[in-house]
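See below for the structure under consideration.
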Amino acid sequence: MEAPAAAQGPAEPSRAAEPAPDVEITVTSPEQMRELGRRLADLLRAGDLVMLSGELGAGKTTLTRGLGEGLDVRGAVTSPTFVIARVHPPLGDGPPLVHVDAYRLSGGLDEMEDLDLDVSLADSVIVVEWGEGKVEELTEDRLRVRIDRAVGDTTDEVRHVTVTGLGERWTTADVSVLAG
């Protein structure tokens, strides 16, 4: 005869996963910024949204250029300031890169609806420069990358990059590998 099962207490309430801690990275040259983009590409998959913020000249497009290299997409990654968005198709099996520059857009997601980002998101990696306050409604799962630099009349190449994973997608991703 089997012994009766031990009495169990009340079930533990389920808790949302703790958000991953921010990753802080110091970059001292444009080539290091591109390399950071290449490392970031290794973490990304179709459906990911990356929001880049920082002053003019901080390195957002340079980071995205490296990301494009890491994703192995077609076409030179340049700032889409005047065309607002560029799609870079993959050269291999990876997802396309949709590179958006929201600097000239003053409204939120409503103003960006013509870009069909919500349609592109499931199949692409979308990178939005200047996207804070404009694209958060696309998905709860997003990666926020803030690039800080010295401002004013300086030739200082040092950048401080803060990477924050938001949403369930990023709670289990090891973004600490970006610190190299």
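The values are calculated or read from the model by the stated rules, or taken from the named source; none is laboratory data. The shown structure was predicted, so the numbers you read here are calculated from the model rather than taken from an experiment. With ideal geometry, Cβ positions are generated from the backbone for all residues, glycine too; neighbour counts draw on all protein chains shown. The protein model used for the area step is the full one, side chains on, heavy atoms only, and it has no ligands, DNA or RNA in it. Shrake-Rupley method; radii C 1.70, N 1.55, O 1.52, S 1.80 Å.
Of all residues in segment 52-76, those satisfying the criterion of being β-branched (Val, Ile, Thr) and out of contact with any Asp or Glu (no Cβ under 8 Å at 6 or more places or on another chain) are Thr62, Val73. Is there a residue in segment 146-161 that is within 12 Å of the chain's Cα centre (by Cα), open to solvent by 30 Å² or more (accessible area, probe 1.4 Å) and at pLDDT 85 or above? The answer is yes; a qualifying residue exists.
Rundown of residues vs (1) surrounded by fewer than 16 Cβ atoms within 10 Å (Cβ to Cβ); (2) within 10 Å of the chain's Cα centre (by Cα); (3) among the aliphatic types (A, V, I, L, M); (4) not in a helix (DSSP H, G or I), yes/no style:
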| position | (1), (2), (3), (4) |
| --- | --- |
| Glu31 | yes, no, no, no |
| Arg39 | no, no, no, no |
| Asp42 | yes, no, no, no |
| Ala46 | yes, no, yes, yes |
| Leu52 | no, yes, yes, yes |
| Leu56 | yes, no, yes, yes |
| Thr62 | no, no, no, no |
| Glu69 | yes, no, no, no |
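Got at least one residue in segment 126-133 being at pLDDT 90 or above, touching a strand residue (DSSP E or B) at 6+ places or on another chain (Cβ under 8 Å) and of a type outside the set (Val, Ile, Thr)? Yes, segment 126-133 contains a residue that is at pLDDT 90 or above, touching a strand residue (DSSP E or B) at 6+ places or on another chain (Cβ under 8 Å) and of a type outside the set (Val, Ile, Thr). Of everything in segment 71-97 that is within 23 Å of Arg169 (Cα to Cα) and open to solvent by 50 Å² or more (accessible area, probe 1.4 Å), the residue that is modelled with the highest pLDDT is Asp72.
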